[in-house]
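Note sheet for the following structure.
The values are calculated or read from the model by the stated rules, or taken from the named source; none is laboratory data. All values reported here derive from a predicted model rather than from experimental measurement. Neighbour counts are summed over all protein chains in view; Cβ atoms, including those assigned to glycine, are modelled from backbone coordinates with ideal geometry. What goes into the accessible areas is simple: the full protein's heavy atoms, side chains included, and nothing from ligands, DNA or RNA. Shrake-Rupley method; radii C 1.70, N 1.55, O 1.52, S 1.80 Å.
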There are 2 protein chains.
Amino acid sequence: MRKKTIAIDMDGVLADIDAQLIDHYNKAHGTTLSKESIKGLTSDVAFKERDFIHKLLHSENFFRTLPVMPDAVESLLELDKDFEIFIVSAATEFPISLSEKMAWLAEHFPFIKWDNIILCGSKRIINTDYMIDDHCKNLDYCMGKPIMFTAFHNVNQNHHIRVNNWKEAVALLKETL
Amino acid sequence: MRKKTIAIDMDGVLADIDAQLIDHYNKAHGTTLSKESIKGLTSDVAFKERDFIHKLLHSENFFRTLPVMPDAVESLLELDKDFEIFIVSAATEFPISLSEKMAWLAEHFPFIKWDNIILCGSKRIINTDYMIDDHCKNLDYCMGKPIMFTAFHNVNQNHHIRVNNWKEAVALLKETL
């Protein structure tokens, strides 16, 4: 029997983009934002200087140096036994990020092969059994079962099953076997 | 009613990779290969110097300078009226190609937005109504209706509907409306 498939998002799920955004933003603006202090805000409200964020997302080395989300490596190794994992990242908006994301995955998740990496825009035509993501714009339209991964900007959106971290994600997915 | 979706391959369908391979190969080896002379052969047999091909596919500017397939631009503009077009290219095997493919599309197909571009490995989880591709490895496993675009290496594979050029592809797809 074929393994069930999971589409796993990168930014906000495997890669802690919010930690990196907060860090760069605080350093540039002398602010003291934290994940806790911006909880429940949209990104636009949390980071008021939108030009700064836009430049950051289009700058070299931003995506290449993102910290790995806690427990993500061990969790994917565990899930890899029972599921077929696809990494599905909305990356084509940021052309510089494309090869950086490949290099980042090769460094931190070398067991994920190129066949199973998808750098896309919209995720509407991705058809996997499950999708783990932190954005409703992806989860609301995905063809499989959506799983929301908690981030500061999604804590008030409660129409999808939620996991708060990778340990919860693994536990939930293993229940489905 | 939502528009029907088409996944359109790049290499061998929008971009004439075979013309570029033949050209580089002949110049390097003093051979006189042509699309006609290698018709029906696999790529491995047609281009015996595999190391040369491997280096070419991993070299800078190879994908960026591919010629556009005849009638491809006009055909996509025409199809864009009635279908939602997704460009789906197996590109993650060649990391250098990723940003080059984005730049190539922006130059030749500026009406295709980043949301609708997918750079992937396997196309097994792509779910569109139609898929136009030159490789059975993609068409045999796609979720929608497969349409084979003729290339030297696929002329003996006849288990999919075939189009020989973009004019035939547009005619076939417009019949389905």
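Listed here are the residues, each with its yes/no results for (1) touching a Lys or Arg at 6+ places or on another chain (Cβ under 7 Å); (2) within 25 Å of A:D129 (Cα to Cα).
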{"site": "A:D16", "(1), (2)": "no, yes"}
{"site": "A:L41", "(1), (2)": "no, no"}
{"site": "A:F52", "(1), (2)": "no, no"}
{"site": "A:T65", "(1), (2)": "no, no"}
{"site": "A:D82", "(1), (2)": "yes, yes"}
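Here the condition is being surrounded by fewer than 16 Cβ atoms within 10 Å (Cβ to Cβ) and over 28 Å from A:K3 (Cβ atoms); of B:E93, B:E168, B:E100, B:E175, it holds for B:E175 alone.
Counting just the residues of segment A:130-141 that are in a loop (DSSP other than H, G, I, E, B) and surrounded by fewer than 18 Cβ atoms within 10 Å (Cβ to Cβ), which one comes out farthest from the other protein chains (Cβ to nearest Cβ)? The selected residue is A:D140. Screening segment A:78-96 for residues that are in contact (Cβ under 8 Å) with a residue 40 or more places away in the chain and either over 15 Å from A:G121 (Cα atoms) or of a type outside the set (A, V, I, L, M) (or both) and picking the one that is nearest to the other protein chains (Cβ to nearest Cβ) gives A:F86.
Looking only at residues in segment A:38-54 that are in a loop (DSSP other than H, G, I, E, B) and open to solvent by less than 70 Å² (accessible area, probe 1.4 Å), the one that is nearest to A:N164 (Cα to Cα) is A:G40. Scanning segment B:115-122 finds one or more residues that are closer than 29 Å to A:A7 by Cβ and part of a helix (DSSP H, G or I). If the condition is being under 15 Å from the mean Cα position of the chain (by Cα) and within 18 Å of A:L79 (Cβ to Cβ), then segment A:98-141 contributes A:L105, A:H108, A:F109, A:I117, A:I118, A:Y130, A:M131, A:I132, A:D133, A:D134. If a residue has to be over 30 Å from A:E175 (Cβ atoms) and either open to solvent by less than 10 Å² (accessible area, probe 1.4 Å) or more than 10 Å from every other protein chain (Cβ to nearest Cβ) (or both) to count, how many in segment A:105-118 make the cut? Looking only at that region, the number is 1.
Checking segment A:55-73 against the condition returns a match, with at least one residue being buried (at least 20 other Cβ atoms within 10 Å of the Cβ) and within 14 Å of chain B (Cβ to nearest Cβ). Across segment A:142-177, the qualifying residues are those that are hydrophobic (A, V, I, L, M, F, W, C) and in a strand (DSSP E or B), and the one among them that is nearest to the chain's Cα centre (by Cα) is A:F149.
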